[in-house]
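Taking it in order: structure first as structure tokens, then the write-up.
The values are calculated or read from the model by the stated rules, or taken from the named source; none is laboratory data. Since this is a predicted model, take the numbers as computed values, not measurements. All Cβ positions, glycine included, derive from the backbone under ideal geometry; neighbour counts span all protein chains shown. Note: areas computed on protein heavy atoms with side chains; ligands, DNA, RNA excluded. Shrake-Rupley method; radii C 1.70, N 1.55, O 1.52, S 1.80 Å.
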Amino acid sequence: MASASAAPVARERTYIMIKPDGVQRGLVGEIIARFERKGYKMAAMKLVKPSTEHMEEHYADLKDKKFFPGLIKYMTSGPVVAMVWVGDGVVAGGRVLLGATKPSESAPGTIRGDLCIDVGRNVCHGSDAVESAEKEIAHWFPEGVAEWTSHSESWVYEA
Ligand code: IDP
Ligand code: MG
């Protein structure tokens, strides 16, 4: 059984962001609760109103898409909740909690499947690979994240 002072076990990390519509619609607690209840551990969280340049860099891979200008306008229209979550398989598992990009294709029970309708207002972001997760964490949290051991560690993981 881990003690309160044990060094945290290094596990996978992902970048999760509640988009401006999620914040405006009062869905912050609901979305965080789903990650907490799954057993993932929060390592960083802040409410921020990002600049256009910061958001364009976050979505640089999509800059040639025709929806890119609308995406940047949407994503800079209000504050977002930037978070880092930790856990085995959290990159893929986080996207399972989010659901498919298009809410019309998201299964009931997922965040997008339950809480939104339009792909251009799909309430949350999750990294799509371990490499992009680490890049996004560095982009949003250059100050670093919290290193801590959850008292639930040995109740969530066998080892
Ligand atoms: P993801 O968020 O599920 O990873 P991406 O393909 O990386 O999906 O697209 C990033 C974001 O761009 C989406 O979450 C959504 O907000 C927006 N987006 C994607 N496709 C469209 C579209 O066809 N029209 C409008 N917005 C879109
Ligand atoms: Mg993506």
If we keep only residues of the range 19-33 that are outside any loop (DSSP other than H, G, I, E, B) and within 16 Å of ligand 1 (Cβ to nearest atom), then the residue nearest to the chain's Cα centre (by Cα) is Ile31
Hey, could you check the range 116-139 for residues that are open to solvent by 40 Å² or more (accessible area, probe 1.4 Å) and among the acidic types (Asp, Glu) and say which is farthest from the chain's Cα centre (by Cα)? Asp118
Counting only residues that are within 16 Å of ligand 1 (Cβ to nearest atom) and open to solvent by less than 30 Å² (accessible area, probe 1.4 Å), how many does the range 36-73 have? 7
Find the residue count for the range 15-35, including only residues that are surrounded by 17 or more Cβ atoms within 10 Å (Cβ to Cβ), touching a residue at least 60 places away in the same chain (Cβ under 8 Å) and over 22 Å from Ile72 (Cβ atoms). 2
Of everything in the range 116-129, what is in contact with a strand residue (DSSP E or B) (Cβ under 8 Å, 6 or more places away or on another chain) and assigned to a helix (DSSP H, G or I)? Give them in sequence order. none
Report, ordered by the first and then the second residue, all pairs with beta carbons closer than 7 Å, sequence separation of six or more or different chains, a first member in the range 107-119 that is in contact (Cβ under 8 Å) with a residue 24 or more places away in the chain, and a second member that is in a loop (DSSP other than H, G, I, E, B). Ile111/Gly99; Ile111/Val123; Leu115/Leu27; Leu115/Val123; Cys116/Asn122; Cys116/Val123
Can you confirm whether the range 87-97 contains a residue that is of a type in the set (D, E, K, R) and either away from ligand 1 (no atom under 15 Å from the Cβ) or under 22 Å from Glu134 (Cβ atoms) (or both)? yes
Can you list residue pairs whose Cβ atoms sit under 7 Å apart, with the first residue in the range 130-150 being more than 27 Å from Ala6 (Cα to Cα) and the second being part of a helix (DSSP H, G or I) and within 16 Å of ligand 2 (Cβ to nearest atom)? Count only pairs 6 or more apart in sequence or on different chains. Glu136/His58; His139/Glu57; His139/His58
Please name all residue pairs, on different chains or six or more residues apart, with Cβ atoms under 6 Å, provided the first residue is in the range 77-105 and is under 14 Å from Gly39 (Cα atoms) and touching a residue at least 24 places away in the same chain (Cβ under 8 Å) and the second residue is open to solvent by 70 Å² or more (accessible area, probe 1.4 Å) and not in a strand (DSSP E or B). Val91/Val130
Give the residue that is surrounded by the fewest Cβ atoms within 10 Å (Cβ to Cβ), with candidates limited to residues of the range 97-115 that are in a helix (DSSP H, G or I) and touching a Ser or Thr at 6+ places or on another chain (Cβ under 7 Å). Gly113
